[in-house]
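Working notes, beginning with the structure itself.
The values are calculated or read from the model by the stated rules, or taken from the named source; none is laboratory data. As the structure is a computational prediction, the values presented were derived from the model and not from experiment. In this analysis, Cβ positions are derived from the backbone assuming ideal geometry, glycine residues included, and neighbour counts consider all displayed protein chains.
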Amino acid sequence: MTHRPDDAAEAGRRLRADARRNRARILAAAEEVFAEKGESASTEEVAARAGVAIGTVFRHFPTKRDLLAAIMKELRTRLVDEAAALSADAGPAAAFFDYFAFMVERAARVRTVLGLLAAEGMGAEPGDQIRDLEQVVGELLEAAQRAGAVRPDVALDEVMAILTATCQGALHGAWDDDLRRRTLGIVFDGLRPRA
């Protein structure tokens, strides 16, 4: 049987697609396992949760440090993607406030991963991650202000300071869902136009 070049190209595309799916599953599983188990989480548990062989995990992420760094990079991508999705699907007011809440919720979820990165000697403070998203937050803020949902006198640097502080509080204070909801309610009341 003769293999045509098209067959080899198609097989290569399938392999790359499978590799991308495996990588995404490994990252999602690792974030969950590290959040649940902390430092005691093992690569074997990550592989089992992702439904892949341990060798597949090591092929993508040779060290625990590589895996943790990839989780943080994936998180940044998700944060940008979430802003775009909210901008497209929700009104300007909902997009701004929903994104703010999403950022604080994510900070609470990656608490263990940030601690593990620090233990590996890789500083990754949530404040750094948030500053990387300043343009995205600025666009959401401007749209919310044009819609009359956020006070016109609120500046981007103030929003970034409040967002960073709130994320830090959720991260280091291990806020539960109720405390996060109540705190965000107070913050949002301060950002909305006065009656």
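Of the numbered conditions (1) assigned to a helix (DSSP H, G or I); (2) modelled with pLDDT under 80, Met122 satisfies every one except a single condition; which is it?
(1) is the only condition that Met122 fails.
Exactly one of these conditions fails for Ala101: (1) assigned by TED's automatic domain parsing to the domain that holds Gln168; (2) exposed (fewer than 15 other Cβ atoms within 10 Å of the Cβ); (3) of a type in the set (Gly, Ala, Ser). Give me its number.
(2)
Could you please find all residues in the stretch 46-70 being closer than 23 Å to Arg106 by Cβ and either hydroxyl-bearing (Ser, Thr, Tyr) or touching a Lys or Arg at 6+ places or on another chain (Cβ under 7 Å) (or both)?
Ala50, His60, listed by residue number.
Would you check which residues across the stretch 157-195 are farther than 20 Å from Arg106 by Cβ and part of a helix (DSSP H, G or I) and list them?
Let us first name the residues in the stretch 157-195 that are farther than 20 Å from Arg106 by Cβ, namely 157-158, 189-190, 192-195.
Asp157, Glu158, Asp189, Gly190, listed by residue number.
Between a residue in the stretch 177-195 that is farther than 23 Å from Gln145 by Cα and any residue that is at pLDDT below 90, which pairs come within a Cβ distance under 7 Å, given they are 6 or more apart or on different chains?
Taking only residues 6 or more apart or on different chains, the pairs are Arg180/Val104; Arg180/Glu105; Arg180/Ala108; Arg180/Ala170.
Limited to the stretch 149-195, what total is found for residues that are out of contact with any helix residue (DSSP H, G or I) (no Cβ under 9 Å at 6 or more places or on another chain) and aromatic (Phe, Trp, Tyr)?
0
Which pairs turn up if I take residues in the stretch 36-49 that are within 14 Å of Arg23 (Cα to Cα) and look for partners that are small (Gly, Ala, Ser) with beta carbon separation below 7 Å, at least 6 apart in sequence or on another chain?
Listed by first residue and then by second, the contacts come to Val46/Ala29; Val46/Ala30; Ala47/Ala53; Arg49/Ala29.
Taking the stretch 20-35 as the search range and keeping residues that are in contact (Cβ under 8 Å) with a residue 24 or more places away in the chain and over 20 Å from Arg106 (Cα atoms), which one is farthest from the chain's Cα centre (by Cα)?
Per the criteria, the residue is Asn22.
If a residue must be in a helix (DSSP H, G or I), more than 19 Å from Ser40 (Cα to Cα) and of a type in the set (Gly, Ala, Ser), how many such residues does the stretch 53-69 contain? Full working, then the answer.
Kept after step one, since they are in a helix (DSSP H, G or I), are these residues of the stretch 53-69: 54-60, 64-69.
Right, trim to more than 19 Å from Ser40 (Cα to Cα) and you get 55-56, 59-60.
Going one step further and asking which of them are of a type in the set (Gly, Ala, Ser), we end up with 55.
Number of matching residues: 1.
Before we move on, is Val159 modelled with pLDDT of 90 or more and either of a type in the set (Val, Ile, Thr) or touching a strand residue (DSSP E or B) at 6+ places or on another chain (Cβ under 8 Å) (or both)? Full working, then the answer.
Details: modelled with pLDDT of 90 or more: yes; either of a type in the set (Val, Ile, Thr) or touching a strand residue (DSSP E or B) at 6+ places or on another chain (Cβ under 8 Å) (or both): yes.
So Val159 fits the description; yes.
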